[in-house]
Amino acid sequence: MNKNTIDFGYQEIPVEEKKERVKNVFDSVAGKYDLMNDAMSFGVHRLWKNLTITKINPQPREILIDVAGGTGDLAHRFLKRAEAVRVRRGGESATAYICDINDQMLLAGIDQIKNKNNISRVCGDAQKLPFPDNCADVLTIAFGIRNVTDRQSALTEFFRVLKPGGRLFVLEFSTPEDKNLRKIYDTYSFSFIPKIGNLLAGEVESYQYLVESIRRFPSQNKFSSMIETSGFSKVSFRKFSGGIATLYWGWKI
Ligand SMILES: C[S@@+](CC[C@H](N)C(=O)[O-])C[C@H]1O[C@@H](n2cnc3c(N)ncnc32)[C@H](O)[C@@H]1O
């Protein structure tokens, strides 16, 4: 790969174009994003997000930044779980900031959030987060990091905004190792997902990009090393659904 180019799905494009191209993808799918998520994954993304929240174990008073948070699905689940603990044990409510580069995605989620008091939406780039140093207890990014142009600099930003003792959780698609599962998964992704995208959202190219970008994402071991390179300790990961998705985590110590 040329130093001045970067992957955009299976295409190589100039580095400076990626941000705009990714923005166009999510502009086109924003209105149908949640419906498509359910249709493409048969609702399994909900299970992966719930498993992620169980691993985080949200607590009252905690401050979450959900980067590339889109319509706010994960932040909503975080607050709900923290509130359930608060009702049992008392304390202050948790707070969540949904940060996304795309205002259309943030707007698409605005009606879904029931308790609007402890949740804020902020338009911002993962590579240059609009938050001060050492301000968050938990930082999540679900199905967002693979869209970021410079992932290493985004991980360094995540480290900067987390408090000492804060935790990072990255949920991302990955490629299953099992040959048979990979065959089924490839057939499904390349033959059906763009068709479902066309049927439900009138979009083929955006969903083609989403499928291709998953295949270009680094392996679990490589991505874990990138997390460590940004300063995180005790980095580990867990595969979901045979490795179709992976949850990575690390601590700022
Ligand atoms: C596949 S969606 C995931 C949304 C949500 N996290 C979820 O799990 O449903 C990816 C999101 O990443 C956002 N995104 C892409 N590049 C970004 C960047 N550089 N900084 C912040 N958000 C970004 C997109 O606008 C989009 O909302």
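Values in this text are rule-based calculations from the coordinates and carry no lab data. Remember, predicted model here, so these are calculated numbers, not experimental data. Positions of Cβ are backbone-derived with ideal geometry, glycine not excepted, and every protein chain shown enters the neighbour counts.
Which value in Å is the Kirkwood Rh of the range 108-196 over different Cα pairs? Final number for the Kirkwood radius of the range 108-196 is 15.9 Å. Charge tally around GLY91: other residues with Cβ under 15 Å, Lys/Arg +1 each, Asp/Glu -1 each, net +1.
Among DSSP beta bridges whose residues both lie in the chain, state the antiparallel percentage, nearest 5. Antiparallel: roughly 45 percent of the beta bridges in the chain.
Across the chain, Cα pairs under 8 Å and at least six residues apart give a relative contact order of 20 percent. By the gyration tensor of its Cα atoms, with a ≥ b ≥ c the square roots of the eigenvalues, what is the shape of the range 59-169: rounded for a/c under 1.5, prolate for a/b over b/c, or oblate? Oblate is the answer for the range 59-169, as a/c is 1.5 or above yet b/c matches or exceeds a/b. Protection proxy ranking for 152-159, 224-231, 185-192, using the average of other Cβ atoms within 10 Å per residue and placing the highest first: 152-159, 224-231, 185-192. Against the chain, whose longest principal axis comes from its Cα atoms, helix 151-161 is set at around 10 degrees.
Using only side-chain charges placed at the Cβ, +1 for Lys and Arg and -1 for Asp and Glu, the dipole size of the chain relative to its Cα centre rounds to 1000 debye.
Approximating the spin labels as points 7 Å out from Cα along Cα→Cβ, the ARG88-to-ASN117 distance works out to 2.1 nm. Across VAL22, VAL122, VAL85, mean-square fluctuation computed from a Gaussian network of the chain (C-alpha pairs under 10 Å connected) peaks at VAL85. Shape analysis of the chain based on the Cα gyration tensor places the equivalent ellipsoid semi-axes at 28, 21, 19 Å, largest first. In the chain, helices alone account for a calculated mean residue ellipticity at 222 nm of -13500 deg cm²/dmol, with every DSSP H run of four or more residues adding -39,500 (n - 2.57). Each residue, LYS32 and ASP186, gets one label point 7 Å from its Cα in the Cβ direction; the gap between the two is 2.7 nm.
Of the residues ILE13, ASN57, TYR185, the one whose Cα sits farthest towards the positive end of the charge dipole of the chain is ASN57 (charges of +1 on Lys and Arg Cβ, -1 on Asp and Glu Cβ, taken about the Cα centre).
For THR229, the shell of other residues with beta-carbons less than 15 Å away shows a net charge of +2, using +1 for Lys and Arg and -1 for Asp and Glu.
Its Cα gyration tensor gives the range 17-116 an equivalent ellipsoid, and the semi-axes of that ellipsoid, as √(5λ) in whole Å with the largest first, are 27, 15, 11.
Largest GNM mean-square fluctuation across VAL67, VAL29, VAL87, computed for the chain with C-alpha springs under 10 Å, falls on VAL87.
Straightening the chain between LYS23 and ASP133 buys 37.0 nm, computed as 0.36 nm per residue apart minus the Cα-Cα spacing. When the chain is modelled as a GNM with alpha-carbon springs shorter than 10 Å, which of LYS239, LYS128, LYS179 fluctuates the most? Its mean-square fluctuation being the largest, the pick is LYS179.
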